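Novice: Take this structure, written in structure tokens, and hold onto it; I'll ask about it next.
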Amino acid sequence: MPPTRDAFARLAQGELRDTAQSIVDLAAPVHTGWVNLVTLADITAAAERIAGTAVRTPLVPCPWADRPLWIKPESLQPVGAFKIRGAYNAIARIDAATRARGVVAYSSGNHAQAVAYAAKVFGIPAWIVVPEDTPTVKVEATRAHGAEVVLSAVGQREAVAYEIVERENATLVPPFDDPGVIAGQGTIGLEIVADLPDVDLVLAPVSGGGLISGIAAAVKALRPEAQVWAVEPELAADTAESLARGERVSWSVADRNRTIADGLRSQPSELTFAHQQALVDGIVTVSEDEIRDAVAVLAHRARLIAEPSGAVATAAYLHHADRLPPGKTVTILSGGNLDPTTLADLLKA
Ligand SMILES: Cc1ncc(COP(=O)(O)O)c(C=O)c1O
């Protein structure tokens, strides 16, 4: 295992930012004690609500890999990403009269599509605020679900979303800072343990942290001996630094926007950070070249389309397997929405 405490200390001093050191073992998670973590019962209830709307994705075996590896392709969801699980569960929990007034979301893209899709299923209006640099494919897909798309300046989307909530008396569906969203994402963990009861390691991307929080809550409740590790781009490694310091550290929007993984540019909330401190065993950061390589490997070897954000967990397996716990491993392919030209570039490299 890596020299954990030493790495903690050096990360805390900012020494490891943007350097070759890419792993932190969080063997002794901190329990915050003041925040209510999402429970297995919340996640089981979410699984009942989303059944029939979200796809129960398979675990795809990877005989080409050099350890027992399965990929969970959330790119196969009707919106091309796992986000439908959390969005649908959160909207389903709103009382019918309030829900009928509509929902509002701010998102870098995949949560937007998910809220738009779920709103269409419920037959309610949706306003979606996205930063103006969001890939065209994501904006068009959101509009295609019948939602009103509102473009905002980078870094302003939350403020714009709150204005619409006030104006329309609608309900905000946050991208990750919400127990219903976290519980919905946690259904991925339920499915993993159901399909691979002796799973040893789950690797999932982290940004705002809703995905890893839900997965960790489910997996740790059902199979405490399994490890759940987060994966983050080196260029947006605020979570790695925050976990190392034991408190949330903010990176500038400009810094986080450097990564090609456009879905991984958010930072944890108090709620998702508390889940991670309590439940996540380790975090690995991956370089931009490693992310690009993983997109190509997923296409060529697994025949699966991943957007860069969706490929980081597989990038960690491909490039840092020697530093991860051994055993039966599941990587989450969290989404597959990317412009065809970007995909073509990534496959050529
Ligand atoms: C494809 C993809 N993967 C991973 C994530 C990260 O999810 P979270 O913000 O819940 O950590 C996102 C978030 O938008 C995403 O779009």
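The values are calculated or read from the model by the stated rules, or taken from the named source; none is laboratory data. Here the structure is a predicted model, which is why all the values come from computation and not from measurement. Using ideal geometry, Cβ is built from the backbone for each residue, glycine included, and neighbour counts are taken over all protein chains shown.
Novice: Just the residues that are of a type outside the set (A, V, I, L, M), touching a Pro at 6+ places or on another chain (Cβ under 7 Å) and crowded, with 24+ Cβ neighbours inside 10 Å, please, taken from region 307-349.
Specialist: Result: Ser309, Thr329, Ser334.
Novice: Among (1) basic (Lys, Arg); (2) more than 24 Å from Val55 (Cα to Cα); (3) free of Cβ contacts under 8 Å to residues at least 60 places away in the same chain, which single condition is Arg223 missing?
Specialist: All conditions pass for Arg223, except number (2).
Novice: Moving to a separate point now. Look through region 292-306, keep the residues that are β-branched (Val, Ile, Thr) and assigned to a helix (DSSP H, G or I), and return whichever of them is surrounded by the most Cβ atoms within 10 Å (Cβ to Cβ).
Specialist: Ranking the candidates gives Val295 first.
Novice: Which one is surrounded by the most Cβ atoms within 10 Å (Cβ to Cβ), of the residues in region 58-73 that are part of a loop (DSSP other than H, G, I, E, B) and touching a residue at least 24 places away in the same chain (Cβ under 8 Å)?
Specialist: Taking the candidates together, the pick is Cys62.
Novice: If you don't mind, another one. Can you find a residue in region 257-270 that is more than 13 Å from the ligand (Cβ to nearest atom) and either farther than 26 Å from Thr39 by Cβ or crowded, with 19+ Cβ neighbours inside 10 Å (or both)?
Specialist: Yes, because at least one residue in region 257-270 is more than 13 Å from the ligand (Cβ to nearest atom) and either farther than 26 Å from Thr39 by Cβ or crowded, with 19+ Cβ neighbours inside 10 Å (or both).
Novice: Only helices (runs of 4 or more DSSP H) wholly contained in region 74-177 count here; list those with 1 or more residues that are modelled with pLDDT of 95 or more and among the aliphatic types (A, V, I, L, M).
Specialist: Of the helices (runs of 4 or more DSSP H) lying wholly inside region 74-177, those with at least 1 residues that are modelled with pLDDT of 95 or more and among the aliphatic types (A, V, I, L, M) span 83-92, 96-100, 110-122, 157-168.
Novice: Looking at Ala153, Ala170, which is the one that is in contact with a Lys or Arg (Cβ under 6 Å, 6 or more places away or on another chain), away from the ligand (no atom under 16 Å from the Cβ), in contact (Cβ under 8 Å) with a residue 12 or more places away in the chain and among the hydrophobic types (A, V, I, L, M, F, W, C)?
Specialist: That would be Ala170, the only listed residue that is in contact with a Lys or Arg (Cβ under 6 Å, 6 or more places away or on another chain), away from the ligand (no atom under 16 Å from the Cβ), in contact (Cβ under 8 Å) with a residue 12 or more places away in the chain and among the hydrophobic types (A, V, I, L, M, F, W, C).
Novice: Out of curiosity, is Thr342 in contact (Cβ under 8 Å) with a residue 12 or more places away in the chain, among the polar types (S, T, N, Q), out of contact with any helix residue (DSSP H, G or I) (no Cβ under 6 Å at 6 or more places or on another chain) and under 23 Å from Val137 (Cα atoms)?
Specialist: Against the criterion (in contact (Cβ under 8 Å) with a residue 12 or more places away in the chain, among the polar types (S, T, N, Q), out of contact with any helix residue (DSSP H, G or I) (no Cβ under 6 Å at 6 or more places or on another chain) and under 23 Å from Val137 (Cα atoms)), Thr342 qualifies.
Novice: Go through Leu201, Leu211, Leu196 for me and flag whichever is within 12 Å of the ligand (Cβ to nearest atom) and in contact (Cβ under 8 Å) with a residue 24 or more places away in the chain.
Specialist: Leu211
Novice: Consider region 315-347. How many of its residues are touching a Phe, Trp or Tyr at 6+ places or on another chain (Cβ under 8 Å) and hydrophobic (A, V, I, L, M, F, W, C)?
Specialist: Result for region 315-347: 4.
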